[in-house]
2 protein chains.
Amino acid sequence: MSPGNPELVNALVQVLGSENVLTALEDILPYGFDGTATFKQRPVAVVFAHDAAQVSAVIKLARTHRAPVVTRGSGTGLSGGSVPVPGAVVLCLVKMDRILEVDPANLTLRAEAGAITQKIFDAADATGLFYPPDPGSMKISTIGGNVAENSGGLRGLKYGVTRDYVMGLEVVLADGSICWLGSKCVKDVAGYNLRDLFIGSEGTLGVVTQVLLKLLPKPAARQTLLATYARMDSAAETVSAIIAAKIIPCTLEFLDRKTIQCVEDFAKVGLPRDAEAILLIETDGHPAAVADEAAKIEELCRAHGATSVRRAATAAEAAQLATARRSAFSALARLRPTTILEDVTVPRSELAGMIREVEAIATRHQLNIATFGHFGDGNLHPTILTDERDTAEMHRVELAFADIVQATLARGGTITGEHGVGLAKKPFLKSQLGDASYELLRLVKRSLDPDGLLNPGKIFDQS
Amino acid sequence: MSPGNPELVNALVQVLGSENVLTALEDILPYGFDGTATFKQRPVAVVFAHDAAQVSAVIKLARTHRAPVVTRGSGTGLSGGSVPVPGAVVLCLVKMDRILEVDPANLTLRAEAGAITQKIFDAADATGLFYPPDPGSMKISTIGGNVAENSGGLRGLKYGVTRDYVMGLEVVLADGSICWLGSKCVKDVAGYNLRDLFIGSEGTLGVVTQVLLKLLPKPAARQTLLATYARMDSAAETVSAIIAAKIIPCTLEFLDRKTIQCVEDFAKVGLPRDAEAILLIETDGHPAAVADEAAKIEELCRAHGATSVRRAATAAEAAQLATARRSAFSALARLRPTTILEDVTVPRSELAGMIREVEAIATRHQLNIATFGHFGDGNLHPTILTDERDTAEMHRVELAFADIVQATLARGGTITGEHGVGLAKKPFLKSQLGDASYELLRLVKRSLDPDGLLNPGKIFDQS
């Protein structure tokens, strides 16, 4: 179709009303990118749906007019998953933002896909329940986006990721049909698990319109610790020692020296600027278990060379310590015009070596790379601070990116732990999966979206 | 192909050796059924593979000769999933039974598909780790069978099911290609999650040959309680009260009056024969948490009408109490020639009403139905004690079966919580899923197994 396709736009206006169809340049420009640096593409139109029936109508119209559909929520993604493709209609679900039900007897919460993650957490919290996944962007991200990317967060080690809390999904398929996958039953083996196929499929197989989530009882107690290290290896040894002691903290995060310095400049939390590594550790659960675990963790930190260990005395102090980690990305993003956030993940035992390798890669390509991430999950966020206008440096960025990916795969890791493949990691997927798995993915895409109109060109190229 | 197809058998012998290809009637008869009553079918041959390459060779040969392949482990399934189809080669994986690696640093265990579940539990246990899924047949079931059926167990409420512990799979696809899905990374969003598609797919999409499992630290303490009730409703109210108190026990099982009487006859555990319900409750974790929770649970049991509450003083006594529940199926199976085990599951809040409805259905159809199951999961095992030679009674069994399924679906439940669809639940799947989801399942099957040779006719009919 030609850009600006007026027939399609008219048909969309008929279904959704003109107030829900944007085509003016100034209106659609903000929907031309997401949280990922360097990817931009103007859509043909941006439309807002209010329920699954409208989503279905949009999908059918787009099919009739052969227009790609790129679904998005708040656009906080970090792999380009919701960046439009040429000729695309952006289907924005932020107006489907209701929390439909909290069911304390069955420990479930049902919400529309556009509901904000933080609101879901708050609604659970208000009934004494707990929705654990806490992606960095949870204050503005939508649950539909979290499901599409299978978002992680800071509590992954103990509580897992978004997938672990999805019991059911309402999905609009490529032919416009609407189906429910999953149920309120905590055990359900009736047929293939297609729910989990849609989780993390980045809008390429269908449009998630409703989500049924599992909740947990709220942990009764929590303790936050911040340990400072003169050597990254000591921090890594501490993490191994904690796991070996059969303790699974809910949070086990780290910052490297560059990130520490940036965060301190930005947030003034009182971090030691000369430390090589900081671990943020949180344990939660029964008060006695938390007290025991926190004491043991502190002991292990000191035994493995921590130069200081701070235990938060109050919730406010805990929040302040957590700020050090939560503000890492924002703090780093202030330093240079372009911030490229990596998301490689290795088996936990490989993490210390991987961090050293990232440092060597930074030196080799003369780049400024700060690294932070989820130590307990082996999930690293090497952050390249650069300037996309500097062609020579961007070329070195590409080389470094490829080197980091290669080092990750050599250690049995994955090119993406929680941000998704999208556009950013597409070139590397085949090397990770191998031919047979890669072709299987493409086969699934062809089968479920034979016309290739649902977020095409993401994850892999279809042709 | 004709039964006994000698060309195919010769080709199989060439690849596997004659000691791994059974065709004599007395050898193959034991592979003509599984743990499910009433389903039997003699295969053409039974073959044993020793690695993925041999599995791949078998798949390719079967494809050349257009023979269906039915994969099985120990054949303990309860929905007919591993019962041969006409003309089938049974591919038995019990000789692929090695535990390949226990990795304490990454909390993983890798095993071949034919490894016995109990051995996996023991290997984890030996290093202080814990593999939670404990299907009833775990002493003889294989991990490959557990994955194929996504088996549950007695710890589902707190720990989930097999799926929740599978990090990676080696799978041989319908074209014979071998692929790995998943990794040792605790977070991995590189491409579609096809691992979870194969889990619970009952051998209809590929053959799982290796499994990478997630382990947990072993809980430090455990407390087992047995509460007796004069009324089933009181037991149900207790369960709701426990959940409302934000306690998630690892085990929350129940027996009804008929099951209690049978178990007492069989195992002599000292159960009160006049009780209408018994709850077996187990909590585990930090010793202080366990002590608090056990005290609170006992208080809630008594407050909601328990006539007695027994707390196990020792591990031996705990094991004895658990015997009451673990022996339920064996005890019931002694009463009549044919034991038909149902597996319906409803949202937890619907369970008490569902149990009453099953009792009404038994009365209406003049059948002997004893019920036990996983109260915390809403997973019921109404067990019809009958005789397959009695045509008139078997007709009433069919009617009762259909009534139970209908009642389940009316309560938002599922036709199978942990046993799978196989042959037994095939007629009911479409009513549960609805047309759109059902057709999506069939589409996935057609795409991944275009010749329809992998365990055909299970879950649904393909034509």
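Structure summary
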quantity	calculated
Residue within the stretch B:391-402 that is out of contact with any Phe, Trp or Tyr (no Cβ under 8 Å at 6 or more places or on another chain) and within 7 Å of chain A (Cβ to nearest Cβ) present	no
Selection status of A:Val161, touching a residue at least 60 places away in the same chain (Cβ under 8 Å), buried (at least 24 other Cβ atoms within 10 Å of the Cβ), within 11 Å of chain B (Cβ to nearest Cβ) and within 20 Å of A:Arg325 (Cβ to Cβ)	yes
Flag if B:Ala241 is outside any strand (DSSP E or B), within 11 Å of another protein chain (Cβ to nearest Cβ) and either among the hydroxyl-bearing types (Ser, Thr, Tyr) or in contact (Cβ under 8 Å) with a residue 40 or more places away in the chain (or both)	yes
Test: A:Leu25 is more than 28 Å from the chain's Cα centre (by Cα), surrounded by fewer than 17 Cβ atoms within 10 Å (Cβ to Cβ) and hydrophobic (A, V, I, L, M, F, W, C)	yes
Single residue of the stretch A:197-223 satisfying the filter (in contact with a Lys or Arg (Cβ under 8 Å, 6 or more places away or on another chain) and in a strand (DSSP E or B)) that is surrounded by the most Cβ atoms within 10 Å (Cβ to Cβ)	A:Val211
Failed item in (1) under 29 Å from B:Leu423 (Cβ atoms); (2) touching a Leu at 6+ places or on another chain (Cβ under 7 Å), with B:Asp164 passing the rest	(2)
Qualifying positions in the stretch B:359-370 - surrounded by fewer than 24 Cβ atoms within 10 Å (Cβ to Cβ) and within 30 Å of B:Ile247 (Cα to Cα)	B:Glu359
In the stretch B:187-206, the residues that are free of Cβ contacts under 8 Å to residues at least 40 places away in the same chain and either at the interface with another protein chain (Cβ under 7 Å from one of its Cβ atoms) or among the aromatic types (Phe, Trp, Tyr) (or both)	B:Lys187, B:Asp188, B:Val189, B:Ala190, B:Gly191, B:Tyr192, B:Asn193, B:Leu194, B:Asp196
The one condition in (1) more than 29 Å from B:Glu282 (Cα to Cα); (2) within 13 Å of chain A (Cβ to nearest Cβ); (3) at pLDDT below 95 that B:Gly373 fails to fulfil	(1)
Lone unmet requirement of (1) farther than 29 Å from A:Ala148 by Cβ; (2) within 15 Å of the chain's Cα centre (by Cα); (3) at the interface with another protein chain (Cβ under 10 Å from one of its Cβ atoms) for B:Ile143	(3)
Test set (1) crowded, with 17+ Cβ neighbours inside 10 Å; (2) at negative phi; (3) within 26 Å of the chain's Cα centre (by Cα) - B:Ala319 fails condition number	(1)
Selected residue [buried (at least 23 other Cβ atoms within 10 Å of the Cβ), more than 16 Å from A:Asp196 (Cα to Cα) and more than 9 Å from chain A (Cβ to nearest Cβ)] from B:Val166, B:Val172	B:Val172
Residue that is more than 18 Å from A:Asn455 (Cβ to Cβ) and of a type in the set (Asp, Glu), where the choices are A:Asp27, A:Asp34	A:Asp27
Selected residue [surrounded by fewer than 18 Cβ atoms within 10 Å (Cβ to Cβ) and either within 14 Å of chain A (Cβ to nearest Cβ) or on the phi < 0 side of the Ramachandran plot (or both)] from B:Ala267, B:Ala236	B:Ala267
Single match in A:Glu418, A:Glu439 (criterion: within 21 Å of the chain's Cα centre (by Cα), charged (D, E, K, R) and outside the structural domain of A:Ser79 (by the TED database))	A:Glu418
Residue list for the stretch B:403-418, filter: facing chain A (nearest Cβ under 7 Å) and either surrounded by fewer than 17 Cβ atoms within 10 Å (Cβ to Cβ) or not small (Gly, Ala, Ser) (or both)	B:Gly412, B:Thr414, B:Ile415, B:Thr416, B:Glu418
Residue in the stretch B:27-44 that is touching a His at 6+ places or on another chain (Cβ under 6 Å) and of a type outside the set (Lys, Arg) present	no
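Per-residue answers, yes or no, for (1) in contact with a Lys or Arg (Cβ under 8 Å, 6 or more places away or on another chain); (2) modelled with pLDDT under 95:
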residue	(1), (2)
B:Glu293	no, no
B:His304	no, no
B:Ala318	yes, yes
B:Leu321	yes, yes
B:Thr345	yes, no
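The values are calculated or read from the model by the stated rules, or taken from the named source; none is laboratory data. Because the structure is predicted, anything quoted here is derived from the model rather than measured. Every residue, glycine as well, gets a Cβ built from its backbone with ideal geometry; the counts of neighbours run over all protein chains shown.
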